[in-house]
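Asker: Have a look at the structure that comes next, please.
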Amino acid sequence: MLNIITNPHPALRQKAKEVDLEEIPKLHQFLNDMAKIMLKKDGIGLAANQVDILKRIIIVNTKDGPLALINPKLLRKSFKKEEAEEGCLSVPDVFGMVKRNYSLTVKAYTKDGQEISIKATGLFARVLQHEVDHINGILFIDKAKNITKGKPRDEQDKL
Ligand code: CO
């Protein structure tokens with residue numbers, strides 16, 4: 001089982017490295033382990049930095065279950081922004097309001113090495129921005145306003 005590291009662990013502040021495409025088939029066990037711990041901790045997203053692996057990999061929970069995105073790139077970010085409360089498995093019991101682009105397109109490789117492009121809006125777009133920030137060494141508390149400690153208003157907002 002992987003372990004989720006918490007702030008101020010230095011791996012949370014590093015920029016993760018691109019994954020070589022030939023390496024993708026060897027990552028299946030790791031991707032499964034990441035999905036497993038994200039679900040166990042009731043997260044809706046998890047970045048590899050959060051398990052102390054500095055690779056550009058994120059997992060997002062979708063209605064069809066966990067989806068691994070390798071070397072994700074966020075494109076076509078909407079002009080429209082939206083503010084909502086966020087939390088993070090690596091910054092336990094801290095919550096704050098973060099302004100994010102309302103919609104965007106994510107381009108990435110799947111666990112099968114397929115290049116995909118998905119349009120995301122609302123919470124899904126928010127999770128993607130939060131997780132891509134992680135692989136760039138950025139935490140939501142760097143951007144949040146009205147930071148509070150304690151229970152979130154919405155239990156689901158654990159990224
Ligand atoms: Co997080």
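Asker: Go through the residues of the range 1-11 one by one and say whether even a single one is surrounded by 14 or more Cβ atoms within 10 Å (Cβ to Cβ) and either over 19 Å from residue 134 (Cα atoms) or charged (D, E, K, R) (or both).
Answerer: No, every residue in the range 1-11 fails to be surrounded by 14 or more Cβ atoms within 10 Å (Cβ to Cβ) and either over 19 Å from residue 134 (Cα atoms) or charged (D, E, K, R) (or both).
Asker: Within the range 18-33, which residues are surrounded by 13 or more Cβ atoms within 10 Å (Cβ to Cβ) and either in a loop (DSSP other than H, G, I, E, B) or under 18 Å from the mean Cα position of the chain (by Cα) (or both)?
Answerer: Answer for the range 18-33, where residues must be surrounded by 13 or more Cβ atoms within 10 Å (Cβ to Cβ) and either in a loop (DSSP other than H, G, I, E, B) or under 18 Å from the mean Cα position of the chain (by Cα) (or both): 19, 27, 30, 31, 32, 33.
Asker: Follow-up question, since we're still on this one. Considering only the range 51-99, give the strands (runs of 3 or more DSSP E) lying wholly within it that have at least 2 residues that are under 14 Å from residue 38 (Cβ atoms) and of a type in the set (A, V, I, L, M).
Answerer: 57-62, 65-75
Asker: If you don't mind, another one. Any residue that is basic (Lys, Arg), part of a strand (DSSP E or B) and modelled with pLDDT under 95 - is there at least one of those in the range 136-158?
Answerer: yes
Asker: Can you tell me which residue is farthest from residue 66 (Cα to Cα) among those in the range 101-145 that are crowded, with 21+ Cβ neighbours inside 10 Å and away from the ligand (no atom under 16 Å from the Cβ)?
Answerer: The extreme case among them is 104.
Asker: Inside the range 66-122, can you point out the residues that are aromatic (Phe, Trp, Tyr) and closer than 23 Å to residue 2 by Cα?
Answerer: 109
Asker: Follow-up question, since we're still on this one. Using the structure shown, decide if residue 98 is under 23 Å from residue 49 (Cβ atoms), in contact with a Leu (Cβ under 8 Å, 6 or more places away or on another chain) and within 16 Å of the ligand (Cβ to nearest atom).
Answerer: For residue 98, the condition - under 23 Å from residue 49 (Cβ atoms), in contact with a Leu (Cβ under 8 Å, 6 or more places away or on another chain) and within 16 Å of the ligand (Cβ to nearest atom) - is not met.
Asker: On to the next question. Do you know which of the residues in the range 41-88 that are polar (S, T, N, Q) and buried (at least 24 other Cβ atoms within 10 Å of the Cβ) is farthest from the ligand (Cβ to nearest atom)?
Answerer: Filtering first and then ranking leaves 49.
The values are calculated or read from the model by the stated rules, or taken from the named source; none is laboratory data. Every value quoted in this text rests on a predicted model; they were computed, and no experiment measured them. All Cβ positions, glycine included, derive from the backbone under ideal geometry; neighbour counts span all protein chains shown.
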